[in-house]
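Trainee: Got a structure here, written out as structure tokens. Questions coming.
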Amino acid sequence: MARWCDFVEQAPVLGRYAEHRLCDDATGRITYVATVRADGGPRVHPVKVFPSGPGLYLFMYPESPKGLDLLRDPRIALHAAVTVNPFESGELAAKGTAHLVQDREIYERARQAAPFASLPPEDNLLFEIDLDHVIGTPVVDGAPVHLRWRALDGAERDIGFGGRSS
């Protein structure tokens, strides 16, 4: 697993693209996250995942089922929303783990940076997402480029079409 800042350093092209997709106002900055329910099934919800400083963060209400999922099982998958024409915007997906942030200074910095119309309530839970695998298809010179990064080897690779491993 790697923090956001380590991913961006190791995968500069994919890192810039990931930040662009997560912060894209054309999609309302929506990211779909999947968590694991207590019964082992998936739970998917639209949320706002955002980079701030060295971390990638996600706020949730304390009673949120997806937040309770993450407290029990930290595995998380995400997919940034696409625009009307995904061949123009490309796609971004990732998987990793999320841990509860208890450091008050980090919490407050993330709260100030959160992409909401008003500050998240002070009782919201803040999770930091550590990344294990990121895949994206930025459009370069009018054509999609399939890039992958894995924490296992810390390298950004052009995997072409059909070269994915899940």
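The values are calculated or read from the model by the stated rules, or taken from the named source; none is laboratory data. Computed from a predicted model, the values in this text were never measured in an experiment. Note that we place each Cβ from the backbone using ideal geometry, even for glycine, and neighbour counts take in every protein chain shown.
Trainee: I'm trying to understand the selection: among the residues of the range 93-150, which are modelled with pLDDT of 95 or more and of a type in the set (Ser, Thr, Tyr)?
Mentor: Of everything in the range 93-150, those that are modelled with pLDDT of 95 or more and of a type in the set (Ser, Thr, Tyr) turn out to be THR97, TYR107.
Trainee: Taking the residues in the range 63-119 that are among the acidic types (Asp, Glu) and closer than 22 Å to GLU19 by Cβ as candidates, determine which candidate is surrounded by the most Cβ atoms within 10 Å (Cβ to Cβ).
Mentor: Keep residues of the range 63-119 that are among the acidic types (Asp, Glu), which gives 63, 69, 73, 88, 91, 103, 105, 108.
Next, from what is left, pick out any that are closer than 22 Å to GLU19 by Cβ: 88, 91, 108.
Values: GLU88: 12, GLU91: 18, GLU108: 13.
Among them, the one singled out is GLU91.
Trainee: Filter the range 16-32 down to the residues that are hydroxyl-bearing (Ser, Thr, Tyr) and either in a strand (DSSP E or B) or within 16 Å of HIS45 (Cβ to Cβ) (or both) and list them by number.
Mentor: Narrowing the range 16-32 to residues hydroxyl-bearing (Ser, Thr, Tyr): 17, 27, 31-32.
Passing the criteria: THR27, THR31, TYR32.
Trainee: Restricting to the range 13-32, count the residues that are of a type in the set (Val, Ile, Thr) and more than 13 Å from the chain's Cα centre (by Cα).
Mentor: 2
Conditions (1) acidic (Asp, Glu); (2) part of a loop (DSSP other than H, G, I, E, B); (3) under 10 Å from the mean Cα position of the chain (by Cα); (4) closer than 21 Å to ARG150 by Cβ, marked per residue:
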{"residue": "ASP6", "(1), (2), (3), (4)": "yes, no, no, yes"}
{"residue": "GLU9", "(1), (2), (3), (4)": "yes, no, no, yes"}
{"residue": "ALA34", "(1), (2), (3), (4)": "no, no, no, yes"}
{"residue": "ASP39", "(1), (2), (3), (4)": "yes, yes, no, no"}
{"residue": "PRO46", "(1), (2), (3), (4)": "no, no, no, no"}
{"residue": "PHE59", "(1), (2), (3), (4)": "no, no, no, no"}
{"residue": "LYS66", "(1), (2), (3), (4)": "no, no, no, no"}
{"residue": "LEU78", "(1), (2), (3), (4)": "no, no, yes, yes"}
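Trainee: Of the numbered conditions (1) part of a strand (DSSP E or B); (2) over 18 Å from LYS66 (Cα atoms), ALA94 fails exactly one; give the number of that condition.
Mentor: (2)
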